[in-house]
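**Q** One structure coming up, written as structure tokens, with questions to follow.
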Amino acid sequence: MIEANSASEQTRTRLLEAAREVFSQHGFQSATVREICRRADANVAAVSYHFGSKDGLLAEALNFAPLKAMQLANIQTVASPEMRLHLFIRDFMLMLLDETNGSPPCRIMARELADPTPALDKIVREAIAPLHEFLGKLVREIAGDGIAEAELRRCMYSILGQCLYYRHSHPVLQRLHPKLRYSRKKIEAIAAHIADFSVAGIRHISGKTGAG
């Protein structure tokens, strides 16, 4: 009985890992249970047995614990707000782009933003809303309390938009630059550029606000 339970848990784990890969690569609508089970080396009936449905499998696959842990670690870091923004963007970009050590749930989140499905409500509630709250506080630390709420939101959207561009536009960028590969070194260089650009923009905007 113990061996049977162990085998069942192993199948469940393989299904979750395969689902995260397939959902992040193809999106929820295009992902098929058959492909997920093929990668997990499991019978197609295993999805119904363990998760009830494809929707149930997606709900289990969306584990945003690493994203939440990254935000908490950033808050606890003893560094300037500008440095913390650099660290956040670096860690977020690695989650989005690093194919070997990235975060499939974060890549699923990125796909949902571009091509929403019924899972978007769960993603907004569990990942995007907390991320916006965290980033908003961080931007305010850099800009100062004088920044207007609308301007603060635009700063957040600009930062996230720059990050997500590299994920969403990867097929286009690869055609423009066939040799493009997202090594860790290149991801960190992209993140540093986005952070430098964003900090300069926030300082410029906060300067205008102060002058007004």
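**Q** Pull up segment 189-200, narrow it to residues that are of a type outside the set (Val, Ile, Thr) and crowded, with 16+ Cβ neighbours inside 10 Å, then point me to the one that is nearest to ARG90 (Cα to Cα).
**A** Residue satisfying both the conditions and the ranking: ALA191.
**Q** So LEU67 ticks every box in (1) in contact (Cβ under 8 Å) with a residue 12 or more places away in the chain; (2) over 30 Å from ARG203 (Cα atoms); (3) not charged (D, E, K, R) but one. Which box is left unticked?
**A** (2)
**Q** Here is a list of conditions, (1) in contact with a Cys (Cβ under 9 Å, 6 or more places away or on another chain); (2) over 17 Å from PHE92 (Cβ atoms), and VAL139 meets all of them except one; can you say which number that is?
**A** Exception for VAL139: condition (2).
**Q** Separate question: Looking at (1) under 23 Å from the mean Cα position of the chain (by Cα); (2) in contact (Cβ under 8 Å) with a residue 12 or more places away in the chain, find the lone condition where HIS50 falls short.
**A** Checking HIS50 against (1) under 23 Å from the mean Cα position of the chain (by Cα); (2) in contact (Cβ under 8 Å) with a residue 12 or more places away in the chain, the one that fails is (1).
**Q** Hey, can you tell me all the residues within segment 156-170 that are among the hydroxyl-bearing types (Ser, Thr, Tyr) and closer than 13 Å to HIS193 by Cα?
**A** Within segment 156-170, just TYR166 meets the criteria.
Laboratory data are not the source of any read-out in this text; all were calculated from the coordinates shown. Note that this is a predicted model, so its numbers are computed, not measured. Quick reminder, even Gly has a Cβ in these numbers, built from the backbone with ideal geometry, and neighbours come from all protein chains shown.
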